[in-house]
Amino acid sequence: MTAVALPQEVAAPASSRRRWLRRYALAVAGGVVILFWFAVALLAPVISPFNPEFVDIASRLQPPSYAHWLGTDALGRDVLSRVLYGSRISLIAGFSVVVISAVFGTVLGAIAAYARGRVEDLLMRLTDLVLCFPPIILAMAIAAALGIGTTNTIIAMLIVWWPKYARLARSLVLVQRSQEYVEAAHVLGFGHAHILFRHVVPNAIGPLIVMVTLDLGNAILVFAGLSFLGLGVVPPTPEWGAMVAEGRELVQQWWVATFPGIAILSVVMGFNFVGDGIRDWLDPHARRR
Amino acid sequence: MPDDAEIIKNSDSDSVPILSVEDLRTHFFTDQGVVRAVDGVTFHVHAGETLGIVGESGSGKSITAKSVIRLIEEPGRIVSGRIDFRGRDVLTLDHGALRRLRGGEVAMVFQDPMTSLNPVLKIARQLVETMVEHGRFSPKAALARAVDLLGRMGINAPKRAVESYPHQFSGGMRQRVMLAMGFSNEPVLLIADEPTTALDVTIQAQILDLLRELNADFGTAIILISHDLGVIANICSRIVVMYAGEVVEEGPAEKLLADPKHPYTWALLNAVPRLDRHTPGEKKLVTIEGTPPDPLNWPGGCRFRPRCPFAIDACGEHPALKEFEPGRAARCWVTQQGGVLPAVGVVADAQSSPQPRAAARSTVSYAVADAAVATRGEVLLELRDVKKHFPLAKTSFFGEPRVLHAVDGVDLTVFKGETVGLVGESGCGKSTLGRLIVRLHEPTAGSIAYGGVDISHANSATIRPLRRRLQMIFQDPYASLNPRMTVGQILSGPLQFHGMTQGAQATASRVRELLDVVGLPALAADRFPLEFSGGQRQRVSIARALAVSPEFIVADEPISALDVNIQAQIINLLIDLQQRFALTYLFIAHDLAVVRHVSDRIVVLYLGKVMEIAPAGALFASPLHPYTKSLISAAPIPDAAVERKRERLRLTGEPPSAIDLPSGCRFRTRCPIATELCANEIPPLIEHRPGQWAACHFAGKL
């Protein structure tokens, strides 16, 4: 009884709009950054001043200037155009990895939790098997085995990416499946697939959505990392990770690696802020404060 | 409201109260607006007094109690008022003085014994900490005192108990530990907030006995907060009734419960069926309309007016809490102007003493019960030696596999059109039995036949046609509706799935019809469950069960999560539906008075086995099994005079675990008349009187 917290001094109740803004300011900022990169990805051919793959040895390693706003790289390609085009591959890779693995992992985890018994054992031991390996190393091994190329790298990432969704979905479904509304659906005679995908999964989806948003930045980062190691894209294709790799020895010509790095940073932070915002919004406890 | 500050003089007003709360207002500043949870409450507690605060959820009773020791957290604030505890103004105490007050002079026991102890610390540590913290005992003396106190609270082997962790104790035991902790510093005042709500009746009776003893032995004043008038009547000498953040009536327990002067108190008393006043055949309960008011926006005038059956023109104005005789006050224009409320439980004759009345009733009940037995129709459901064992994880790799015997050999026949009540303490297997019948669980052994078809091991496809005839209503209205579907979708799903309506038009009109049947407006179809109160949700849940036009409904504690008045509304609805649609019910509940009220026959379950089956009247008039007798004796009656005079049969201890069952009769470990025979031989379920079966070697001998 002595361990009860003392009542805190109550701040004057702020107007709800101000409170909303304070709570979600970062999320809104993150959303703006992401929308910006989406627009860039869509409009890259229109807004890029140069062809990103156009080699011009004569004007190699030019510092930022009026002609080349972000300078040129070792082959004289325009860094700005390459950064703008690079957003396409990063976003596509990030989304395809996260969305496909989230859907696959969720279905697997949900079935495991719903069925229990042997099915659960089998499916969850399979996920454990994948989780045993260090994800980046495994993805590298798979990507190297499949050969260099965007699609192959995405496939390699998918293989290591889905287990965490399976685990999360399983725990969420386990909570929901013993709820009385699920029992009621059983008593009404609904089939298992109907109960699982119409009743249980929609109620378990909230934390999964949060995880997907937070994970998008992560997936983009890992894809860039694999490209940095030379496993992502086939060389002339503009890709941020590969661009950073090309500029890593060029200390004097800082612009070659810095601008794609900033691009990666902004996208990853943008997704993280949005993910945090969605988490707060879905969590009634955080929402009250 | 200056009139609210009018002080109610206590009958023994010569003594100065230890606690006086005056015009207390505790408000919560939420995103939606200001919740005036406690809105001008005045009451006093004298030394050694037992005060009961009663009201439905949201009436502000718990917030009032927490305000007394300033346990109000953000966004709540005590806005105004005075709390005087033994000459000190609690509202201006600094944190140090406040800490000395809490747990020192004022102790508090909360509702949920499962969460109010720290799970990672041993009992000894938690008890000693409280005592040493207040500087009254050295650690060594405190430990000795902890052992003493636990013994005093009725815990066996207290020396061993202090070395245990909370999870090793049951709910009742933990509540005893909480009481030991509360009493460790010899408080002047104990605030108990629904201390027995989470416990079974037999354990509740033990804790209430303990509270009464502690009050008598230590002279500690008690504020008991409860929604259950029976519990309040059992302990309290004075009662404060709260409604919508205000005190609406106050007075000595006997008088207030026998002759309420506020319509809300009157409604509370009428809404609960009583064990000692039962008229066979009279099934409708007196209820008041509507739901508890919105705390963001209390109704203008008298706050009870929108629900009050006696409202007059004067009620448009807010009434004051007026004292009309020494120690009794009510906030009601009707009674203040000399209006008289109808007697509580009008059908019962209030003049005769309870003893002869019970006898007279019992003969009547027999006649009715026998008639019911004679007119039995066809058998709808038949259980034969049904068992459900849940395998548990082994304690060690080489350990014996352990099994939980949830239901362990139950025979039961349910006839068309009757209501069978199923009672027992928690863990006795009543919910598991209900779920076996609707085949949410598959029985481990035995057979379940529904309408002559064996469904014991039927798979989901073969059982599907039967689902239309066999439905279930669940306990928790907050968990039993899918929060992501509108009420319309919840109701139309089963209609479409079973092809009961053709086309969207027909489905929509059937949904409206269903909503109408359970007393909800057609507009409800477009709303989500979140927008409804508990009682309304339970109506939706009932409508969903009715959607497929079933003939048999398993109701698993359908009212235990609801306030008493809403309980009465739901009971009335269920009874009404039974008559309209010729339904058969299996009604699972732990509240004996409710079960008796709705049931034709009652099954008493203990540790997965049937102890007694009898017509409702006979079971209560002359129970054969000692367990039945002790259950009836433990159920409180909301009448202080009756409560004090009642002879009781107290059960000691708690039910043994369903993993390691006692040999012979399962009840023998707690039975007052158990002999060696009971340990050696399992008593068979035998028909001792027409329709009354009991599994006891000494049936009717107690």
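The values are calculated or read from the model by the stated rules, or taken from the named source; none is laboratory data. Quick caveat: nothing in here was measured; it's all calculated off a predicted structure. Methodologically, a virtual Cβ is constructed for each residue, glycine included, from the backbone with ideal geometry; neighbour enumeration extends over all protein chains shown.
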Mind checking which residues of region B:188-207 are of a type in the set (Val, Ile, Thr) and under 26 Å from B:Leu605 (Cβ atoms)?
B:Thr196, B:Thr197, B:Val201, B:Thr202, B:Ile203, B:Ile207
Which listed residue, of B:Val79, B:Val128, is of a type in the set (A, V, I, L, M, F, W, C), free of Cβ contacts under 8 Å to residues at least 24 places away in the same chain and more than 28 Å from B:Asp228 (Cα to Cα):
B:Val128
Part of a loop (DSSP other than H, G, I, E, B), at pLDDT 85 or above and in contact with a Leu (Cβ under 7 Å, 6 or more places away or on another chain): does that describe B:Cys665?
no
Run B:Asp259 past the list (1) surrounded by fewer than 23 Cβ atoms within 10 Å (Cβ to Cβ); (2) acidic (Asp, Glu); (3) touching a helix residue (DSSP H, G or I) at 6+ places or on another chain (Cβ under 9 Å); (4) farther than 20 Å from B:Leu275 by Cβ and report the number of the one that doesn't hold.
(3)
Looking at B:Leu211, is it in a helix (DSSP H, G or I), within 23 Å of B:Thr291 (Cα to Cα) and under 19 Å from the mean Cα position of the chain (by Cα)?
no
Restricting the search to region B:395-413, which residues are in a strand (DSSP E or B) and charged (D, E, K, R)?
B:Arg402, B:Asp408, B:Asp411
Identify, by number, the condition in (1) surrounded by fewer than 18 Cβ atoms within 10 Å (Cβ to Cβ); (2) at pLDDT 85 or above that B:Phe85 doesn't meet.
(1)
I need the helices (runs of 4 or more DSSP H) fully contained in region B:61-139, keeping only those with at least 2 residues that are within 19 Å of B:Asp39 (Cβ to Cβ).
B:61-68
Here is a list: A:Ala166, A:Ala193, A:Ala185, A:Ala219. Which entry is under 24 Å from B:Gln496 (Cα atoms), assigned to a helix (DSSP H, G or I), more than 9 Å from chain B (Cβ to nearest Cβ) and of a type outside the set (S, T, N, Q)?
A:Ala193
Does B:His590 fit the bill of being in contact with a Pro (Cβ under 6 Å, 6 or more places away or on another chain) and not polar (S, T, N, Q)?
no
Residues in region B:515-538 that are touching a Leu at 6+ places or on another chain (Cβ under 7 Å) and within 14 Å of another protein chain (Cβ to nearest Cβ) total 4
Which ones in region B:94-153 are on the phi > 0 side of the Ramachandran plot and at pLDDT 85 or above?
none
Residues of region A:232-255 classified as buried (at least 24 other Cβ atoms within 10 Å of the Cβ) and either in contact with a Leu (Cβ under 8 Å, 6 or more places away or on another chain) or assigned to a loop (DSSP other than H, G, I, E, B) (or both), total
4
If we keep only residues of region B:41-62 that are closer than 30 Å to B:Gly535 by Cβ and at pLDDT below 90, then the residue surrounded by the fewest Cβ atoms within 10 Å (Cβ to Cβ) is B:Ser57
Being in a helix (DSSP H, G or I), at pLDDT 90 or above, away from chain B (no Cβ under 13 Å) and out of contact with any Ser or Thr (no Cβ under 6 Å at 6 or more places or on another chain) narrows A:Val210, A:Val173 down to just A:Val173
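Table: residues versus (1) buried (at least 18 other Cβ atoms within 10 Å of the Cβ); (2) more than 12 Å from chain A (Cβ to nearest Cβ); (3) within 24 Å of B:Ala205 (Cβ to Cβ).
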residue: B:Gly96; (1), (2), (3): no, no, no
residue: B:Met153; (1), (2), (3): yes, yes, yes
residue: B:Ala157; (1), (2), (3): no, yes, yes
residue: B:Val162; (1), (2), (3): yes, yes, no
State the number of residues belonging to region B:96-138 that are over 29 Å from B:Asp200 (Cα atoms) and among the aromatic types (Phe, Trp, Tyr).
1
The lone exception for B:Ser480 - which of (1) part of a loop (DSSP other than H, G, I, E, B); (2) away from every other protein chain (no Cβ under 11 Å); (3) within 24 Å of the chain's Cα centre (by Cα); (4) not hydrophobic (A, V, I, L, M, F, W, C) it fails:
(2)
Being touching a strand residue (DSSP E or B) at 6+ places or on another chain (Cβ under 6 Å), within 25 Å of B:Leu592 (Cβ to Cβ) and crowded, with 22+ Cβ neighbours inside 10 Å is the filter here, so list the residues in region B:187-225 that pass it.
B:Ala192, B:Pro195, B:Leu224, B:Ile225
Residues located in region B:231-256, provided they are surrounded by fewer than 24 Cβ atoms within 10 Å (Cβ to Cβ) and out of contact with any Ser or Thr (no Cβ under 8 Å at 6 or more places or on another chain):
B:Glu254, B:Lys255
Residues that are assigned to a strand (DSSP E or B) and within 13 Å of chain A (Cβ to nearest Cβ), drawn from region B:451-476
B:Leu470, B:Gln471, B:Met472, B:Ile473
Verdict on B:Gly154 being closer than 25 Å to B:Ala233 by Cβ and out of contact with any strand residue (DSSP E or B) (no Cβ under 8 Å at 6 or more places or on another chain):
yes
I need the full set of residues from region B:165-181 which are among the small types (Gly, Ala, Ser) and at pLDDT 85 or above, in order please.
B:Ala180
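For every residue, the table says whether it meets (1) modelled with pLDDT under 85; (2) under 30 Å from B:Phe169 (Cβ atoms); (3) among the hydroxyl-bearing types (Ser, Thr, Tyr).
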residue	(1), (2), (3)
B:Glu612	no, yes, no
B:Thr628	no, yes, yes
B:Asp639	yes, no, no
B:Lys645	yes, no, no
B:Leu649	yes, yes, no
B:Thr652	yes, yes, yes
B:Leu661	yes, yes, no
Only one of A:Val244, A:Val268 is in contact with a Phe, Trp or Tyr (Cβ under 7 Å, 6 or more places away or on another chain) and under 19 Å from A:Ile136 (Cβ atoms); which?
A:Val244
Residues of region B:4-30 satisfying the condition of being closer than 17 Å to B:Met242 by Cα, of a type in the set (D, E, K, R) and at pLDDT below 85:
B:Asp4, B:Glu6
B:Pro494 passes all but one of the listed conditions (1) within 8 Å of chain A (Cβ to nearest Cβ); (2) out of contact with any helix residue (DSSP H, G or I) (no Cβ under 7 Å at 6 or more places or on another chain); (3) touching a residue at least 24 places away in the same chain (Cβ under 8 Å); the exception is number (2)
